[in-house]
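The values are calculated or read from the model by the stated rules, or taken from the named source; none is laboratory data. Since this is a predicted model, take the numbers as computed values, not measurements. Positions of Cβ are generated from backbone atoms using ideal geometry, with glycine treated the same way; all protein chains shown enter the neighbour counts. Accessible surface areas use protein heavy atoms only, side chains included; no ligands, DNA or RNA. Shrake-Rupley method; radii C 1.70, N 1.55, O 1.52, S 1.80 Å.
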Amino acid sequence: MPIYDYRCAGCGRRASLYYQTFSAADSAEPSCPSCGSGELRRLVSRVSVLKSEESRLEDLADPSSFGDLDENDPKSMARWARKMGQELGEDMGDEFDEMVEQMEAGEMPDDGEGTEPEGDGLDDL
């Protein structure tokens, strides 16, 4: 299903129009969904490539992807964490987002100390 992006000369807005077939897109006379103008200029769209999960994980494990990673810099770690989350294509949850936002602010997240009960758990035996 082809998707074409246009810029309206009338209102200046960007519009993405979906067509069922390429031939339908070729014969279409698109109009702006915002103002109704027919003066649309087609834009170059981003290309999306589908990858298997295995391929995505291989790309993430590539050592060249760690070139600009500084494990002592929270902002660098945040960029890396965001990239990993986007590459996995899954919602990592609110806790992940909060951790990344904290690192983007230049702070290292809480290391989890104090979240587990004290002792080794053997006292209860």
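A few notes on this one:
- Annotation: Ser45 carries an accessible surface of approximately 40 Å², with a 1.4 Å probe and no ligand, DNA or RNA atoms counted.
- Dimensionless Rg ratio for region 9-84, taking C-alpha atoms and the 2.2 N^0.38 Å reference: 1.80
- Ordering Cys11, Cys32 by accessible surface, largest first, gives Cys11, Cys32; the 1.4 Å probe counts only protein heavy atoms, with every chain in place.
- The accessible-area ordering, largest first, of the residues Val100, Val44 stands as Val44, Val100, per a 1.4 angstrom probe.
- Label-zone membership for region 3-18, site Ser37, 7 angstrom Cα→C-beta point, backbone N under 12 Å: 7-15
- What the phi angles of region 10-27 give under the Karplus curve with 6.51, -1.76 and 1.60, with θ = phi - 60°, is a coupling list of x, 10, x, 7, 9, 9, 10, 10, 9, 10, 6, 9, 5, 5, 5, 5, 5, 8 Hz, glycine and proline written as x.
- Shown is the FRET efficiency for Val47 and Ala24, computed with R0 = 25 Å from the Cβ-Cβ distance and rounded to the nearest 0.05: 0.75.
- The trypsin sites (Lys or Arg not before Pro) of region 27-79 that DSSP puts in a loop, and whose beta carbon has at most 13 other beta carbons within 10 Å, are Arg46, Lys51.
- Nearest-20 debye value, region 17-115 charge dipole, Cβ charges on Lys, Arg, Asp, Glu: 1020 debye
- Å² of accessible area per residue within region 29-115, as computed with a 1.4 Å probe and no ligands counted: 79 Å²
- Sequence of Leu17, Leu57 from largest to smallest accessible area, 1.4 Å probe: Leu57, Leu17
- Database remark: amide H of Gly10 closer than 5 angstrom to the amide H of Glu39 (H placed geometrically; neighbours at sequence offset of 5 or more, or on other chains; Pro and chain starts carry no H).
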